[in-house]
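S.K.: Questions regarding the structure given below will be posed in turn.
The values are calculated or read from the model by the stated rules, or taken from the named source; none is laboratory data. From a predicted model like this one, the values you see are computed outputs, not experimental measurements. Methodologically, a virtual Cβ is constructed for each residue, glycine included, from the backbone with ideal geometry; neighbour enumeration extends over all protein chains shown. Each accessible area value is taken on the protein alone, full model and side chains, heavy atoms only, with ligands, DNA and RNA left out. Shrake-Rupley method; radii C 1.70, N 1.55, O 1.52, S 1.80 Å.
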Amino acid sequence: MNFDLTDDQAMMKETLDRLLSERANFETRLKLTQSGEGWDRKLWTQFAELGVLSLPFTEEHGGLGGGGVETMVVCEALGRALTLSPFTPGVVMVAAALRSIDALRASELAEAIGSGAHIIAFAHEEAHTSDAAFGVETRAERTSEGWSLTGTKLAAPFADSADALIVTARISGKGAHDDVGVFLINAEAAGLSRRKLMAFDGAPGADIVLDNVRVDETAALHADGGGAELLERLLQAAIAANAAEAVGVMQMLIDATAEHLHTRKQFGVTLGSFQALQHKAAEMLVAIEQARSTAMYAAMMVDEPDALVRRKAFAAIKAETGRTGRFVGQTAVQLHGGLGVSEEHFVGWGLKRLTMLDLAYGDAESAVAELAALGGLVET
Amino acid sequence: MSRSLSAVDEAFRQKAVDWLDGHVADFGLPAREGLSLEQDVELARRWQKVKSENGYAVISWPAPWGPGGTVTQQALFATEESKRGFPAGHLVISLGMPTPMVLRYASDELKERFVPPAIRGETLWAQLFSEPAAGSDLAGLRMRAKRQGDDWVLSGQKVWTTLAQFCDYGVCVARHDPSLPKHKGLTYFIVDLKAPGVTVRPIRQLTGEVHFNEVFFDDVVVPDAYRLGGVGDGFKLAIETLMMERYTAAADETGFGPTLARFIELAAETPGVRGETALDDGGVRAEIARTYALQQGLVAIHGRALAEMSAGRTPGPEGSIHKLASVRHRQHLSTLALDLLGPDGLRQAPGVNPKTDFHYSWLDAPTLRIAGGTDEVLLNTIAEKILGLPQDHRPDKGVPFDEIPS
Ligand SMILES: Cc1cc2nc3c(=O)[nH]c(=O)nc-3n(C[C@H](O)[C@H](O)[C@H](O)COP(=O)(O)OP(=O)(O)OC[C@H]3O[C@@H](n4cnc5c(N)ncnc54)[C@H](O)[C@@H]3O)c2cc1C
């Protein structure tokens, strides 16, 4: 494995970091969470101009043909700046979803997204399930023209701003637990209603009720019988993106904490002179380096052909990112004292963001259970 | 130590339980659902008044202030009250630290003026110690108190002042003489938060609630009669206040989070990864057992502290130990609950309660590891005071405050 960024990747990283530090500082983020849509469409247009929104689409579809590493570079930059944007659902996951559809339509979608004009959100999460992938009760019934979808999706990030939604639904009449389809639905479709909400980390989203939403045949993004595989791919793409974003948030937190330990004085000395705190900061560094390696591993594994190997890898990635993120987030807050628990300081927002990333598409504890259940870890 | 109560205490508890049950609908958890913080504080004031009219306010305080009950009875009442979700927490500071300090140190005239309305919940009191440059290192505070005839003039800034936006008065430490070493130049005052020159700016917390504030003093005139203790006794009195705080903060084995029963309920409602519900999961069951064991220990340590207090002695490190263990564990348990709940509940919602809502409990837990003495400071105190280990190097000790480089 080669972990060095190529020149192009390094340039992308530098350009994005510069743009985000100019355009997406913490004050902007606070303002965004207090008014309007909750994220910055102008910044999104600038992403489009830089090609960021075309990055993961294949060249065949008119994209830039970026892979896991390119996505990682972007998501890490977004995390470091604590920038809220629909990049993961609206670009990374869509790119993963276009694999199995008609090339012309894929190109049209890739172009619409790449231009920044078309926003897609992912509506998957439902109430009360232990199965982050297939715990889907929304139903898709066959109709003469295509499908009819009914169900409730909870807290889909950026869904209130989206033009279209990728919705998962259980295929009626089939029995297996993974008989789930993946559908692309116009957000204004008849029978679809959205209720806007804000997550704890300030990210906008919506609950979605689908009441007999009728769509045609082309809404199904999965090939017949291939829904489960496609859904897994989508979730894995998201987990890899979230792992990278989490590394960015953690890096920001450790930088801020180190800076705080260098500058804040109590008892006539800098906080950093207390060895108890030095050790905490050092443990943060240990954790983030583990998280970074995990995110790199994730970037490589999105393209792994063997489904079982991939599944195990992503359970491990989820567990590790969750564990390290919690530790780094909580420790950063603790070492900032009162500032850490104040909404006016960015450190607490970092902890909240890490928690959202940790809990999206399954949690660390369940990932550990899944990893154990997948077997093959111990010889029997 | 015996956990069974004396007949007198048991009778007291039973009577209190009946009385509390009769008020749950009006003041307990059901009455608080969906209230804003402001409305909840208002409810807490009214609740305090009802308690004071029925002999349940400041139970252990001697006449004429309280009904002269025991510390044990006060703790029993608080436990039952907290179980039913009454809003007593908003008065924990007001009646827990500032008012007792007024009782200990103010003139009879001021006691008569200030204490009864505080007991009835008509006035609320804040604790104004921390400043931007002085948190753990309280003696580093910079707020100035200048003598002017019979008065003092206070100027400077306090921060993280809990509920100051609703408070009428507070206790405050300020520097009367910067040429003295840092611990020596401090004096302790009562301050009127409605006085000219006081500005309160609320600060929103991680949880989205506005629980604490910045308080600015711009030449605020304070009569010398409001000084508690001697000139220069400020640090000693502040520590005395904080010792009370550490003990108050220690009285709930859940660390002021949801109960273990609540966690079990949640696990039983959550579909399991390894079994039908999360409650069938060996990992979750082990965690419940671990929590039970830990909380039994905390109840016992609380009992030890109560016994010390009943015997008229000051509790030792029990408060610090209780706070360290209970709050850390609350954070741990809330994190596990988040795993069970998934991301859906992580949304902004007003009026949630940390005793019942695990999301809120998780968000709020870090504040308790900082407020009232951080984990690290408590550990330092244990290491230095109990284990007798040497203190860290403190180059500013004994140096005149105005010669310490900032
Ligand atoms: C919810 C909440 C309510 C509060 N309410 C009040 C109130 O009503 N009135 C009031 O006066 N104050 C209040 N406070 C303030 C509280 O007392 C301080 O936040 C606390 O003392 C820590 O100070 P600080 O925030 O300045 O952090 P700092 O003291 O700067 O500490 C930062 C970090 O350094 C660590 N640290 C500091 N010194 C040492 C050391 N010697 N060794 C090892 N580690 C060290 C700390 O543990 C912490 O992790 C409140 C705080 C919170 C969070």
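S.K.: Can you pull out the residues in region A:46-65 that are within 19 Å of A:Met11 (Cα to Cα) and surrounded by fewer than 23 Cβ atoms within 10 Å (Cβ to Cβ)?
M.R.: A:Gln46, A:Ala48, A:Glu49, A:Leu50, A:Gly51, A:Leu64, A:Gly65
S.K.: Could you tell me whether any residue of region B:206-214 is open to solvent by 50 Å² or more (accessible area, probe 1.4 Å), at negative phi and not assigned by TED's automatic domain parsing to the domain that holds B:Ile370?
M.R.: no
S.K.: Going by the structure shown, is B:Leu294 more than 16 Å from the ligand (Cβ to nearest atom), hydrophobic (A, V, I, L, M, F, W, C), under 30 Å from A:Ala133 (Cα atoms) and in contact (Cβ under 8 Å) with a residue 12 or more places away in the chain?
M.R.: no
S.K.: On the given criteria, is A:Gly175 surrounded by fewer than 24 Cβ atoms within 10 Å (Cβ to Cβ), within 20 Å of the chain's Cα centre (by Cα) and part of a loop (DSSP other than H, G, I, E, B)?
M.R.: No.
S.K.: Please specify each residue of region B:366-405 satisfying the condition of being at pLDDT 90 or above, facing chain A (nearest Cβ under 9 Å) and under 20 Å from B:Ser320 (Cβ atoms).
M.R.: Across region B:366-405, the qualifying residues are B:Pro366, B:Thr367, B:Arg369, B:Ile370, B:Ala371, B:Thr374, B:Asp375, B:Glu376, B:Leu379, B:Asn380.
S.K.: Continuing with this model, one more query. Given (1) within 11 Å of another protein chain (Cβ to nearest Cβ); (2) under 12 Å from A:Thr257 (Cβ atoms), where does A:Val328 come up short, assuming only one miss?
M.R.: Every listed condition holds for A:Val328 apart from (1).
S.K.: Please determine, by comparing only the residues of region B:321-343 that are surrounded by fewer than 24 Cβ atoms within 10 Å (Cβ to Cβ) and more than 13 Å from chain A (Cβ to nearest Cβ), which one is farthest from A:Tyr361 (Cα to Cα).
M.R.: B:Ile321
S.K.: Counting residues that are within 22 Å of A:Ala240 (Cα to Cα), which helices (runs of 4 or more DSSP H) fully inside region A:1-117 reach at least 1?
M.R.: By residue number, A:7-23, A:41-50, A:68-80, A:93-97, A:103-114.
S.K.: Right, next: Right, A:Phe47: among the aromatic types (Phe, Trp, Tyr) and farther than 18 Å from A:Gly116 by Cα or not?
M.R.: The answer is no for A:Phe47.
S.K.: Pick from A:Met296, A:Met284, A:Met250: which is touching a helix residue (DSSP H, G or I) at 6+ places or on another chain (Cβ under 9 Å) and open to solvent by 20 Å² or more (accessible area, probe 1.4 Å)?
M.R.: After ruling out the rest, the residue left standing is A:Met296.
S.K.: Here's a follow-up. Specify which of the listed residues (B:Asp168, B:Asp150) is more than 9 Å from the ligand (Cβ to nearest atom) and touching a helix residue (DSSP H, G or I) at 6+ places or on another chain (Cβ under 8 Å).
M.R.: B:Asp150 is the lone residue from the list that is more than 9 Å from the ligand (Cβ to nearest atom) and touching a helix residue (DSSP H, G or I) at 6+ places or on another chain (Cβ under 8 Å).
S.K.: Next question, about the same structure. Is region B:92-102 home to any residue that is within 12 Å of the ligand (Cβ to nearest atom), part of a loop (DSSP other than H, G, I, E, B) and either open to solvent by 30 Å² or more (accessible area, probe 1.4 Å) or at pLDDT below 95 (or both)?
M.R.: There is at least one residue in region B:92-102 that is within 12 Å of the ligand (Cβ to nearest atom), part of a loop (DSSP other than H, G, I, E, B) and either open to solvent by 30 Å² or more (accessible area, probe 1.4 Å) or at pLDDT below 95 (or both).
S.K.: Criterion first (at pLDDT 90 or above, open to solvent by 30 Å² or more (accessible area, probe 1.4 Å) and in contact with a helix residue (DSSP H, G or I) (Cβ under 7 Å, 6 or more places away or on another chain)) does B:Pro223 satisfy it?
M.R.: Judged against the criteria, B:Pro223 is not a match.
S.K.: Would you mention how many residues in region B:372-391 are in a loop (DSSP other than H, G, I, E, B), small (Gly, Ala, Ser) and surrounded by fewer than 21 Cβ atoms within 10 Å (Cβ to Cβ)?
M.R.: Number of matching residues: 1.
S.K.: Another question, then. Take the residues in region A:312-341 that are more than 16 Å from the ligand (Cβ to nearest atom) and polar (S, T, N, Q), then tell me which one is surrounded by the most Cβ atoms within 10 Å (Cβ to Cβ).
M.R.: Per the stated criteria, the residue is A:Thr321.
S.K.: Another question, if that's okay. Just one of B:Thr241, B:Thr254, B:Thr291 is over 30 Å from B:Tyr169 (Cβ atoms), hydroxyl-bearing (Ser, Thr, Tyr), open to solvent by less than 20 Å² (accessible area, probe 1.4 Å) and part of a helix (DSSP H, G or I); which is it?
M.R.: None of the others qualify; the one that does is B:Thr291.
S.K.: Within region A:125-155, restricting attention to residues that are within 12 Å of chain B (Cβ to nearest Cβ) and either out of contact with any Leu (no Cβ under 8 Å at 6 or more places or on another chain) or among the β-branched types (Val, Ile, Thr) (or both), which residue is most open to solvent (accessible area, probe 1.4 Å)?
M.R.: The selected residue is A:Glu137.
S.K.: Hey, A:Glu289 hits all of (1) over 29 Å from the mean Cα position of the chain (by Cα); (2) over 21 Å from B:Glu376 (Cα atoms) but one; which does it fall short on?
M.R.: Evaluating A:Glu289 over (1) over 29 Å from the mean Cα position of the chain (by Cα); (2) over 21 Å from B:Glu376 (Cα atoms) leaves (1) as the failure.
S.K.: Out of the residues in region B:113-139 that are under 16 Å from B:Thr241 (Cα atoms) and part of a strand (DSSP E or B), state the one that is farthest from the ligand (Cβ to nearest atom).
M.R.: Going through the qualifying residues, I end up with B:Trp125.
S.K.: Can you tell me how many residues within region A:342-380 are open to solvent by 40 Å² or more (accessible area, probe 1.4 Å) and either within 8 Å of another protein chain (Cβ to nearest Cβ) or among the small types (Gly, Ala, Ser) (or both)?
M.R.: Here the count works out to 6.
S.K.: With B:Arg369, B:Arg394 as the choices, which residue is within 14 Å of the ligand (Cβ to nearest atom), closer than 20 Å to B:Glu209 by Cβ and open to solvent by 30 Å² or more (accessible area, probe 1.4 Å)?
M.R.: B:Arg369
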